[in-house]
1. In whole Å, how far is the Cα centre of segment 179-201 from that of segment 80-116?
2. Do the sum for the chain: with -39,500 (n - 2.57) for every DSSP H run of n ≥ 4, divided by all residues, what is the mean residue ellipticity at 222 nm, to the nearest 500 deg cm²/dmol?
3. Taking the chain on its own, what percent of its Cα-Cα pair distances exceed 29 Å?
4. At 1.4 Å probe size, put L11, L189 in order of accessible surface, largest to smallest.
5. Which log10 I(q)/I(0) values does segment 1-93 give at q = 0.14, 0.15, 0.21 Å⁻¹ under the Debye formula, counting every alpha carbon as one identical point scatterer?
6. If you place +1 on the Cβ of every Lys and Arg and -1 on the Cβ of every Asp and Glu, how big does the dipole about the Cα centre of segment 27-102 come out, in debye to the nearest 20?
7. If you take every DSSP beta bridge fully contained in the chain, what fraction is antiparallel? Give it as a percent rounded to 5.
8. Using the basic label-point model (7 angstrom from Cα toward the beta carbon), what is the Y144 to E273 distance in nanometres?
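The values are calculated or read from the model by the stated rules, or taken from the named source; none is laboratory data. The structure presented is a predicted model; accordingly, all values stated were derived computationally and were not measured. So basically every Cβ, Gly included, is an ideal-geometry build from the backbone, and we count neighbours across all protein chains shown. Just the protein is used for accessible areas: all its heavy atoms, side chains included, with ligands, DNA and RNA removed. Shrake-Rupley method; radii C 1.70, N 1.55, O 1.52, S 1.80 Å.
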Amino acid sequence: MSKEILRVKGLKQYFPIGKDRFVRAVDGVDFTIKQGEVMGLVGESGSGKSTIAYTVMGMYRQTDGEIIFNGKSILNTDKGRSKEFRRDAQIVFQDPGSSLNPYQDVKQILSLPLKVHNIVPKKQIEDKILEILEMVELPPDFMYKSPNSIGGGERQLVSIARALCSDPKFIILDEPTSSLDVSIQAKILNMLMKLHREKQLTYLFITHDMGVMRNVSTKIAIMYLGKICEIAPTKSFYEAPKHPYTQMLLSAIPVITKEEELLKPKKIKSEGEIPSPVNIPKGCSFNTRCPYKMDICLEIDPEMLEIEPNHFVRCHLCK
């Protein structure tokens with residue numbers, strides 16, 4: 001049985017916006033990721049996906065809840081994450097242009113994590129950089145280029161190379177292809193899955209693209225207004241989605257053939273607007289848009305239930 005690498009329990013991340021008012025960006029989230037898994041975290045913009053990533057990495061100090069990494073609880077302190085955590089867990093951001101130092105060349109960018117984590121002796125740093133560049137299929141002369149002199153896809157490959165420098169066990173991919181051309185997206189996705197297989201990496205893959213997740217993930221979690229509404233293994237997730245919001249997202253995926261169209265859930269019409277995360281409605285947060293809402297949905301927020309092995313849903317319809 002695979003070892004559990006990350007467990008998130010009751011995670012909350014509230015941002016104050018005035019006296020006794022908060023944006024409830026993440027509001028009581030639970031999930032686990034086992035070694036070797038690729039968990040897709042999917043949802044509309046503003047659902048809280050990236051906030052979870054930044055909170056796990058220590059960029060935000062969580063309001064409440066527990067994060068357990070490699071069997072150790074991460075303490076919620078001002079000192080930030082331990083050096084061990086920063087070595088074993090890495091993140092690749094959506095926009096490589098803002099996450100890479102434009103005043104350094106690629107050699108300097110990749111040298112820093114190698115030195116900080118003492119990955120190789122100082123004399124071997126250049127050889128290690130060449131090895132890592134080869135992993136991400138970049139030529140050796142990229143060592144001497146700056147981020148501003150290369151394209152967006154190449155910058156993202158440098159970001160992935162930087163994440164690989166510390167020889168991590170776990171990588172968060174925060175929409176790593178959404179700002180790139182389609183042809184470059186395919187190259188980077190193939191690269192990430194190749195690295196996943198060869199280095200036995202574990203990914204938390206954040207995206208809004210349901211089509212991408214079908215091909216790369218082992219399980220998927222759907223977020224809506226700061227909460228997870230459904231988690232399931234990829235196969236059962238696409239074949240038998242349970243939550244109305246999940247069904248709505250899947251029915252909107254564009255397809256080419258009639259056979260693919262038949263596999264999609266029945267199209268669900270979204271009835272209303274997405275509420276503000278400052279004023280989330282009473283009861284189920286999806287009740288303003290759900291065509292199946294009942295009286296209980298307007299009063300009581302449903303709990304997450306395991307309706308099938310490893311398939312969890314937060315919906316009154318599934319009781």
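1. Computed from Cα coordinates, the inter-centre distance equals 19 Å.
2. -8500 deg cm²/dmol
3. That tail contains 41 percent of the Cα-Cα pairs.
4. Of L11, L189, the descending order of accessible area is L189, L11.
5. Debye curve over Cα of segment 1-93, log10 I(q)/I(0) at q = 0.14, 0.15, 0.21 Å⁻¹: -0.52, -0.60, -1.16.
6. 400
7. The antiparallel proportion sits near 60 percent.
8. 5.7
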